[in-house]
Structure formats: structure tokens, C-alpha cells
Amino acid sequence: MGESPNEFKLNNPPEDGISAVKFGPNSANFLLASSWDGTVRLYDVVSNNLRMKYSHAGPVLDACFQDNVHAYSGGVDNILKMFDFNANSETILGTHDDAIRCVEYCADVNVVVTGSWDSTVKLWDHRTGASTGSYSQPDKVYTLAVCGNRLIVGTAGRRVLVWDLRNMGYVQQRRESSLKYQTRCIRSFPNKQGYVLSSIEGRVAVEYLDPSPEVQKKKYAFKCHRLKENGTECIYPVNAIAFHSEYNTFASGGSDGFVNIWDGFNKKRLCQFHRYPTSIASLSFNYDGNVLAIASSYMFENENQVEPTEDAIYIRHVSNQETKPK
């Protein structure tokens with residue numbers, strides 16, 4: 001597939017499935033990528049250069065930046081690591097009893113959050129390098145999103161929990177996903193009014209945090225990432241959601257190999273990019289929303305596929321026309 005003039009592939013991609021790509025909080029050029037090959041890689045996307053990489057003892061399932069020089073990562077070795085890119089040194093902060101599926105940094109509360117298949121969420125103070133608490137969830141944690149000082153957790157069994165990171169003594173809201181099938185990804189609106197949740201069954205829900213009935217009336221769900229092939233409708237998982245920080249529009253990526261951009265408030269699709277070689281595993285906008293990182297990585301949805309496509313990270317320059325509400 002020819003690369004278009006506004007996008008290119010990163011050199012030295014991970015050598016196995018890509019679990020996450022994330023841009024730095026206020027940087028246009030630094031991108032983290034975690035992978036099933038056991039590495040976390042730091043790329044400079046402006047010079048298309050692999051700057052650094054470090055390893056875990058097993059597949060890495062998620063990673064995030066705290067600032068431009070510190071990253072956190074976790075995975076199947078159950079270990080949360082902090083890596084200082086300036087010092088080229090790593091610190092083990094602690095462990096879960098099962099794989100760490102999600103790692104996020106909450107700037108508002110200055111805390112690192114991990115979600116695990118051991119059915120807990122843990123908070124970590126990077127200054128002391130210790131866990132400040134472990135909080136039971138109803139089931140395995142599949143996805144989580146930070147929304148201001150709130151935390152939205154999606155678990156197995158289609159459960160969604162909203163916590164206040166300043167007071168984790170109780171759950172603020174217990175919800176059930178409005179979608180009938182397993183939750184794949186949750187991301188919060190930059191304006192902090194709500195979140196978007198995607199499922200394995202080609203659907204996305206737009207949800208609001210305010211529990212009042214007049215606000216809850218605005219929530220809705222829609223079908224996407226479905227293709228008619230040989231007269232049959234194929235329904236694909238929606239693996240990835242990423243928000244544009246300024247416009248509150250969002251990109252969705254599915255196992256159909258497509259990336260769509262949506263205006264959630266006005267219920268419109270703004271655009272669809274060309275089809276990528278395989279499943280979209282992860283998406284991330286840079287801080288000002290003019291670049292989208294797209295991880296194209298086969299996720300073994302179809303056990304019959306013998307020859308998996310190569311794993312690749314595409315860096316795409318996106319225009320206002322593609323991302324701004326019409």
C-alpha cells in the first residue's frame with residue numbers, strides 16, 4: 001500500500017503486536033509504543049528515529065508518559081516500571097497479582113494509575129515510588145481513562161465504574177455498558193463531560209458523566225466498523241479511540257483496518273481514511289491534534305490467518321477539515 005503524502009511509517013517498528021501508542025503530554029514529536037515483543041520504544045516522529053527502547057520480561061500491554069522524560073509501563077510480567085529517558089535508567093515501582101493491562105498518568109492529581117487482570121486498580125506516587133492504594137473492581141480491568149480528577153474503569157462483564165481520584169473510599173458511579181458485548185476501549189472527552197466506549201461488536205457509545213436525567217437523555221450509541229463482504233455483513237471490534245484535545249472530536253480504529261473521525265456531539269462522521277493493512281490496535285493524537293499515530297497490528301481475531309501482516313506505526317498529518325466539527 002503506497003503511503004500518502006501526508007503520512008509515513010515509522011522506522012524500526014516493534015517486532016510483535018503493538019499494544020499501545022501514546023504521544024507525550026505537550027510534545028509534538030515524542031511517541032511511546034508498547035509491544036508484545038517485550039519492549040517500550042520512544043520515537044521522535046519528526047525525524048522518524050527510534051530514540052530509545054527498554055524491556056520487560058514479557059509482553060508489554062500499555063505505557064504512558066508522565067512528562068517528556070518519564071514513562072510508565074506494565075504488562076504480562078505484572079511489574080510497573082518507570083523509565084527516565086534522560087538518565088537512561090529504570091525503576092520498578094511495584095507489582096500486581098496478574099498482568100497489568102492499563103497504565104495512565106493523571107496530571108490533575110499527580111498520580112499514576114494501573115488497571116490489572118487481577119481485578120484491581122492501584123494508584124502510585126512516583127515521588128516515593130510506592131503504591132498509595134489498591135481498589136477492588138468487579139472483574140478484570142480491560143480499559144481505563146482519566147477524566148480530570150475522575151477515573152473511568154471498564155471491566156469484564158460490561159461493567160463501568162467512575163471513581164474520584166481524590167477520594168477513592170467509595171465508587172462514585174456504578175454503571176453497566178450500554179453496549180451488549182465486551183468493552184474494548186474507553187476514552188474521556190477533553191471537556192470532561194463524558195466518555196466514549198467501544199465494544200468488540202462494531203459499536204461505539206457516547207456517554208455523559210452527569211447522572212441527571214436531562215443530561216442522560218443525550219447519550220446514544222452507533223454502529224461502525226462493519227463491512228459488507230460477498231453479500232455478508234462482517235462486524236469488527238472497535239479496538240481504539242483517541243480524542244482531539246481541542247475539538248472534542250474523536251478517531252476510532254477497528255479490526256477492519258479503517259480509521260474514522262467522528263463529531264460525537266453532533267452525531268456525524270467527519271471522514272474515513274484509506275484502509276490500513278490490518279487491524280488498528282491503538283490510536284493517539286499529539287497534544288495539538290494535527291498528527292495522529294496509527295498502530296496497524298494484527299490482533300489474531302481470525303485464527304485461520306496464517307501469514308500475519310507486519311506490525312507498523314503510521315504517522316499521519318491531519319487537517320482541520322478532517323478533525324473540526326462542521
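What's the magnitude of the charge dipole for the chain around its Cα centre, counting Lys and Arg as +1 and Asp and Glu as -1 at the beta-carbon? Answer in Debye, nearest 20.
Numbers: 34 positive and 36 negative charges, 264 e Å.
Value, rounded to 20: 1260 debye.
Excluding same-chain residues fewer than 8 positions from Lys140, which aspartates and glutamates have a Cα within less than 12 Å of its Cα?
Correct list for Lys140: Asp97, Asp98, Asp118.
Take the Cα gyration tensor of the stretch 180-326, multiply each eigenvalue by 5, square-root it, and list the three semi-axes largest first, rounded to whole angstrom.
25, 19, 13
With the other protein chains left in place, how much accessible area per residue, in square angstrom, belongs to the chain at a 1.4 angstrom probe?
Details: 13670 Å² over 326 residues.
Accessible area per residue, the chain: 42 Å².
Identify which of Met299, Met82, Met52 has the largest mean-square fluctuation in a Gaussian network model of the chain, with springs joining Cα atoms closer than 10 Å.
Fluctuation is largest for Met52.
Contact order normalised by length for the stretch 164-233, with contacts defined as Cα pairs under 8 Å and 6 or more residues apart; what percent is it?
Numbers: 92 pairs, mean separation 14.4, N = 70.
That works out to 21 percent.
Points 7 angstrom from Cα along the Cβ direction at Glu229 and Lys267: gap in nanometres?
Those two pseudo-labels are separated by 3.0 nm.
For Lys180, which aspartates and glutamates qualify as cross-link partners when the Cα separation must be under 17 Å and same-chain residues fewer than eight apart are set aside?
Asp139, Glu201, Glu207
Can you give the FRET efficiency for Phe222 and Gln173, using 1/(1 + (r/R0)^6), R0 = 22 Å, r = Cβ-Cβ distance, to the nearest 0.05? Don't jump to the answer; show the numbers that get you there.
Working: r = 23 Å, r/R0 = 1.03.
Efficiency, from the Cβ-Cβ distance: 0.45.
At a threshold of 8 angstrom on Cα-Cα distance, excluding pairs fewer than six apart, so keeping six or more, what relative contact order does the chain reach in percent?
Details: 939 pairs, mean separation 41.1, N = 326.
Result for the chain is 13 percent.
Please list Tyr105, Tyr43 in order of solvent-accessible area, largest first, computed with a 1.4 Å probe with all protein chains present. Numbers along the way, then the final one.
Values: Tyr105 45, Tyr43 0 Å².
Ranking Tyr105, Tyr43 by accessible area, largest first, yields Tyr105, Tyr43.
Using the Karplus equation 6.51 cos²θ - 1.76 cosθ + 1.60 (θ = phi - 60°), what ³J(HN,Hα) coupling, rounded to whole Hz, does each residue of the stretch 49-66 give in order, writing x for Gly and Pro?
In residue order, the calculated couplings are 9, 7, 7, 6, 8, 9, 10, 10, 7, x, x, 9, 9, 6, 7, 8, 8, 9 Hz.
May I ask you to order 232-244, 127-139 by the average number of other C-beta atoms within 10 Å around their residues, highest value first?
On the way: 232-244: 20.5, 127-139: 13.5.
Output ranking for 232-244, 127-139: 232-244, 127-139.
If each of Asn149 and Asn191 carries a label point 7 Å out from its Cα toward its Cβ, how far apart are those two points in nm?
2.2 nm
How high is the relative contact order of the stretch 181-326, given as a whole-number percent (alpha carbon pairs under 8 Å, six or more residues apart)?
Details: 367 pairs, mean separation 23.9, N = 146.
Relative CO of the stretch 181-326 lands at 16 percent.
What is the ratio of the Cα radius of gyration of the stretch 1-126 to 2.2 N^0.38 Å, where N is its residue count, to two decimals?
On the way: Rg = 14.4 Å, N = 126, 2.2 N^0.38 = 13.8 Å.
Working it through for the stretch 1-126, the quotient is 1.04.
For the stretch 150-298, which whole percent of the accessible surface, found with a 1.4 angstrom probe, sits on carbon and sulfur atoms?
Working: 2600 of 5920 Å².
Roughly 44 percent, rounded to a whole number.
What does the charge count around Gln216 come to, taking other residues whose C-beta lies under 14 Å from its C-beta (Lys +1, Arg +1, Asp -1, Glu -1)? Could you put the intermediate results ahead of the total?
Details: positive: Arg175, Lys217, Lys218, Lys219; negative: Glu176, Glu207, Asp210, Glu214.
Surrounding charge for Gln216 is 0.
The values are calculated or read from the model by the stated rules, or taken from the named source; none is laboratory data. Since the model is a prediction, treat every value here as computed from it, not as a measurement. For neighbour counting, all protein chains shown are included, and Cβ atoms are generated from backbone atoms with ideal geometry for every residue, glycine included. All accessible areas refer to the heavy atoms of the entire protein, side chains included, with ligands and DNA or RNA removed. Shrake-Rupley method; radii C 1.70, N 1.55, O 1.52, S 1.80 Å.
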